[in-house]
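Here is the structure we will look at.
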Amino acid sequence: MTTPRLAREIAEFYSDDYDEQTRLTDSACGVLELVRTQELLRRHLPPAPASVLDVGGGPGVHARWLAADGYRVHLVDPVERHVAQAREASAAYTVEVGDARALSAADASYDVVLFLGPLYHLPEPAERERALAQALRVVRPGGLVVAAGIQRFAPVFDNTAHARLHLDGIDERMPRILTTGSNAGKLFTSAYFHRTEELADELRAAGLAEVRVYGVEGPGDALLKAAELTAGLRISPDSDLFRSALAAARLAEPHPELTVASSHLLAFGRRPAQATAA
Ligand SMILES: C[S@@+](CC[C@H](N)C(=O)[O-])C[C@H]1O[C@@H](n2cnc3c(N)ncnc32)[C@H](O)[C@@H]1O
């Protein structure tokens with residue numbers, strides 16, 4: 001299988017412009033994403049020592065706590081810098097340079113496949129389809145696939161919280177992102193923003209069953225960002241504002257309408273026990 005090439009702007013973004021290593025630990029909104037991702041994963045994952053393929057695992061933030069929980073984790077990421085950071089951070093999991101669209105893992109070889117990144121960096125539907133087909137191929141029948149999406153309307157909340165939605169360029173680009181989901185500009189890097197049902201439909205179309213999509217950060221997400229990033233307040237995970245935001249995320253969970261308040265969506269699906277890979 002030929003290895004697909006990672007878009008140059010994504011490789012440059014993560015290699016030169018942005019250090020992903022501390023994204024989930026050095027801000028309250030990052031910690032909120034981490035805590036909520038952990039609690040959703042811990043609720044759905046089979047018991048340790050199940051095997052987990054962490055595709056797009058970046059510098060290994062999730063691989064570390066999953067390994068500490070007793071899971072057998074293998075991390076795959078196309079950015080060499082991420083793989084080096086993940087390798088340096090811990091020897092409790094294995095790592096490999098690779099792409100979600102051409103996984104080296106054998107058929108049906110993992111209990112769980114995580115895609116916490118690849119889908120929102122593949123703007124073309126056919127490329128996301130190709131990646132999800134790989135997830136379905138390498139997860140065992142009855143196994144779990146978990147895929148993150150960036151929520152379609154997150155850029156409105158996010159850029160308002162950063163107090164820059166009205167600025168030239170951003171205001172012009174926004175209507176196209178909200179309508180098409182595609183971001184070709186410099187706000188982040190090449191990305192696709194999913195509607196909640198669209199992400200569920202993509203998992204179902206790949207052949208996954210029992211699909212459920214959660215909002216990760218909940219309705220307090222943008223408020224936390226505005227307080228922290230624009231007002232410059234230091235918000236610790238012990239603060240009332242952080243605890244309130246976490247409570248709001250949990251409260252919102254049973255209400256699909258509120259997924260639009262989260263920056264990230266987390267979709268869970270199961271490979272049917274008797275099905276063949278898509
Ligand atoms: C925002 S980071 C998320 C890292 C980590 N999984 C997390 O949830 O914090 C997105 C990750 O997706 C990876 N990625 C981008 N395109 C990918 C692809 N085609 N296949 C696999 N991973 C990809 C990037 O290198 C990066 O590590």
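We did not get these values from a lab; they are worked out from the coordinates using the rules stated. Source: prediction; values computed, not measured. Glycine also receives a Cβ, built like all others from the backbone with ideal geometry; neighbour counts cover every protein chain displayed.
Give me the one-decimal Kirkwood hydrodynamic radius in Å for the stretch 1-77, with the sum taken over alpha-carbon pairs.
Working: mean 1/r = 0.0713 Å⁻¹.
Answer for the stretch 1-77: a Kirkwood hydrodynamic radius of 14.0 Å.
When the convex hull of the Cα atoms of the stretch 8-270 is projected onto a plane and the area is averaged over all directions, what value comes out in nm²?
Values: hull surface 52.3 nm².
So the mean shadow area of the Cα hull is 13.1 nm².
Average the reciprocal distances over every distinct pair of alpha-carbons in the stretch 121-214, invert the result, and give the Kirkwood radius in Å.
Details: mean 1/r = 0.0686 Å⁻¹.
So the Kirkwood estimate lands at 14.6 Å.
Quantify how much of the Cα-Cα distance distribution of the stretch 61-171 extends past 17 Å, in percent. All intermediate terms of the calculation are to be shown ahead of the outcome.
Values: 3816 of 6105 pairs.
Everything past 17 Å amounts to 63 percent.
Counting each pair of different Cα atoms once, what's the Kirkwood radius of the stretch 184-236 in Å, rounded to one decimal? Can you show the working numbers first?
Working: mean 1/r = 0.0708 Å⁻¹.
Evaluated over the stretch 184-236, this radius sits at 14.1 Å.
Size of the dipole of the stretch 106-255 about the Cα centre, Lys and Arg at +1 and Asp and Glu at -1 on the beta carbon, nothing else charged, in debye to 20? Present the calculation step by step, with values, prior to reporting the outcome.
Numbers: 16 positive and 20 negative charges, 21 e Å.
The calculation lands at about 100 debye.
So what is the relative contact order for the chain, in percent, with contacts set as C-alpha pairs under 8 Å and at least six apart? Each step should come with its number before you reach the end.
Details: 552 pairs, mean separation 56.5, N = 278.
Rounded, it is 20 percent for the chain.
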